[in-house]
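The values are calculated or read from the model by the stated rules, or taken from the named source; none is laboratory data. Predicted model, so just to flag it, every value in this text is computed and none were measured. For neighbour counting, all protein chains shown are included, and Cβ atoms are generated from backbone atoms with ideal geometry for every residue, glycine included.
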Amino acid sequence: MVSYQTYHRVNGLFISLFIVLHMATHLSGLWGIDAYNAMQQVMRIVYRNTVVEPILLVSVVLQVGVGIKLVSQNFRRKLKEKWARRQALSGLFFLFFISQHLSALAMARWIEGLDTSFFWPASVMSAPPFYWYFAPYYFLGVTAMFVHLGCALRLYALRRKSTVLAGSLFWGVSGGGGLLALTIVFMLLGLFYDIELPAVWVGYLTRVSGGLYP
């Protein structure tokens with residue numbers, strides 16, 4: 001029987017393939033909104049089809065469930081050990097991030113019928129009070145994901161008796177992830193170019209916020 005740890009690792013590898021594509025889409029936004037949307041359309045051919053998308057969604061939900069199970073095991077002991085604490089806390093924050101992210105996706109895409117293109121994440125970074133919450137939310141969520149991945153890669157290297165590689169993998173992946181997260185946040189805040197929200201997204205924010213959108 002496959003253990004929870006083994007399933008978490010293998011399923012995590014599958015989800016990581018999607019994350020790579022998703023991060024590539026975000027990075028393409030450095031060349032402008034049209035570049036982001038064009039890249040996203042190409043990537044959607046891979047992961048937003050009738051075969052892959054249901055498998056991906058189920059995989060993410062199961063990853064969340066198994067992750068909670070693993071974190072809950074010997075939680076107090078994990079908090080006392082530095083590396084176990086980093087892995088557990090980064091995993092918990094990413095679980096919070098991805099759960100809210102999927103809920104927001106369901107509302108925008110399936111309930112409101114909107115195309116979750118560049119303007120979906122950019123909309124909540126367009127004005128206060130939204131960006132007071134979503135700027136740190138995106139930065140910490142993406143960073144936590146890479147810290148969690150860095151912890152996993154560190155363990156992989158340690159099992160192969162490569163101590164130097166273990167440290168390099170953790171700090172390289174975590175630091176690179178933090179830099180990527182900061183770049184994404186700055187881009188969505190409009191620091192690299194002006195972002196004018198379409199009326200449909202202004203209307204969406206006004207409805208879901210109860211009129212808080214300025």
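Looking at region 122-136, can you tell me whether even one residue there is exposed (fewer than 14 other Cβ atoms within 10 Å of the Cβ) and touching a Pro at 6+ places or on another chain (Cβ under 9 Å)? Explain how you work it out, then say what you get.
Quick first cut of region 122-136, residues exposed (fewer than 14 other Cβ atoms within 10 Å of the Cβ) only: 128-129, 132-133, 136.
Right, trim to touching a Pro at 6+ places or on another chain (Cβ under 9 Å) and you get 128.
The answer is yes, given that some residue of region 122-136 is exposed (fewer than 14 other Cβ atoms within 10 Å of the Cβ) and touching a Pro at 6+ places or on another chain (Cβ under 9 Å).
Residue by residue, here is whether (1) modelled with pLDDT of 90 or more; (2) in contact with a helix residue (DSSP H, G or I) (Cβ under 7 Å, 6 or more places away or on another chain) holds:
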site	(1), (2)
Val64	no, yes
Asn74	no, no
Ile98	yes, yes
Ala108	yes, yes
Ala122	yes, yes
Trp132	yes, no
Pro136	yes, no
Gly141	yes, yes
Considering region 190-201, residues that are over 22 Å from the mean Cα position of the chain (by Cα) and free of Cβ contacts under 8 Å to residues at least 40 places away in the same chain, and then whichever is surrounded by the most Cβ atoms within 10 Å (Cβ to Cβ), we arrive at Glu196
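Can you go through Ala152, Ala157, Ala135, Ala144 and tell me which one is among the aliphatic types (A, V, I, L, M) and under 27 Å from Trp201 (Cα atoms)? Quick ask: steps written out before the conclusion?
Details: Ala152 fails: under 27 Å from Trp201 (Cα atoms); Ala157 fails: under 27 Å from Trp201 (Cα atoms); Ala144 fails: under 27 Å from Trp201 (Cα atoms).
Going through Ala152, Ala157, Ala135, Ala144 in turn, just one is among the aliphatic types (A, V, I, L, M) and under 27 Å from Trp201 (Cα atoms): Ala135.
Of Leu179, Leu79, which residue is loosely packed, with under 14 Cβ neighbours inside 10 Å and touching a Lys or Arg at 6+ places or on another chain (Cβ under 8 Å)? Break it down stepwise before answering.
Values: Leu179 fails: touching a Lys or Arg at 6+ places or on another chain (Cβ under 8 Å).
The match here is Leu79.
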Any hit, region 174-189, residues being within 19 Å of Lys82 (Cα to Cα), free of Cβ contacts under 8 Å to residues at least 40 places away in the same chain, assigned to a helix (DSSP H, G or I) and within 25 Å of the chain's Cα centre (by Cα)
yes
Picking from Ser90, Ser117, Ser99, Ser59, which residue would you name as being within 25 Å of Ser209 (Cβ to Cβ), within 16 Å of the chain's Cα centre (by Cα) and either free of Cβ contacts under 8 Å to residues at least 60 places away in the same chain or in a helix (DSSP H, G or I) (or both)?
Ser99
Going by the conditions given, is Ala88 crowded, with 17+ Cβ neighbours inside 10 Å and at pLDDT below 90?
yes
